[in-house]
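Structure first, then comments.
Where a number appears in this text, it was derived from the coordinates with a stated rule and is not lab data. Remember, predicted model here, so these are calculated numbers, not experimental data. Cβ atoms come from the backbone with ideal geometry, glycine included; neighbour counts cover every protein chain shown.
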Amino acid sequence: FSRIWTVQESILPKNLVVLCRSHELAWTFLADAAKCVQKHLTLPCYMSHNATTNEYMEDVNKFLRAISTIERSKKIDSQISEILTCLHLYRNRQASQAHDKIFGLRNLVDLNGPSLIKERV
């Protein structure tokens with residue numbers, strides 16, 4: 001979930017499906033499960049076992065943050081008005097080439113909004 005292309009792929013579909021090998025999972029199921037795990041991580045039973053030392057917790061937390069980021073992004077208007085706002089929101093996403101960040105986000109931007117390039121007359 002750290003790549004720039006996952007932003008567009010996870011925000012634009014109305015019914016997002018996660019594929020893992022031959023399995024399909026509705027995004028809503030995964031998001032609801034993540035919310036339950038996050039809630040459990042704050043409960044006394046979890047804290048009393050000091051599970052933060054578990055070697056897998058760092059990966060679990062990264063995954064939960066990725067799901068949370070996508071969920072927040074889905075709540076933003078389907079068309080973000082300015083490319084600079086969009087680039088700022090997803091500046092930490094990775095791409096093979098720097099310009100791929102722009103191409104990876106262009107469908108999320110209102111192309112009728114303010115232009116970054118002054119048109120030649």
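What does the charge count around Val7 come to, taking other residues whose C-beta lies under 13 Å from its C-beta (Lys +1, Arg +1, Asp -1, Glu -1)?
Neighbourhood net charge equals +4.
Given a Förster distance of 22 Å, report the FRET efficiency between Gln38 and Ser2 from their Cβ-Cβ distance, rounded to the nearest 0.05.
On the way: r = 19 Å, r/R0 = 0.88.
Calculated transfer efficiency: 0.70.
Search the structure for amide H atoms under 5 Å from the amide H of Arg3, placed 1.01 Å from N in the peptide plane, and list their residues when 5 or more places away or on another chain.
Those qualifying (amide H under 5 Å, at least 5 residues apart or on another chain) are Gln94.
Give me the net charge for the shell around Asp100: Cβ to Cβ below 11 angstrom, other residues only, Lys and Arg +1, Asp and Glu -1.
On the way: positive: Arg3, Arg93, Lys101, Arg106; negative: none.
Summing Lys/Arg as +1 and Asp/Glu as -1 gives +4.
What order, most packed first, do the peptides 20-27, 102-109, 60-67 have when packing is the mean number of other Cβ atoms within 10 Å of each residue?
On the way: 20-27: 9.4, 102-109: 16.9, 60-67: 14.9.
Ranking, from highest mean packing down: 102-109, 60-67, 20-27.
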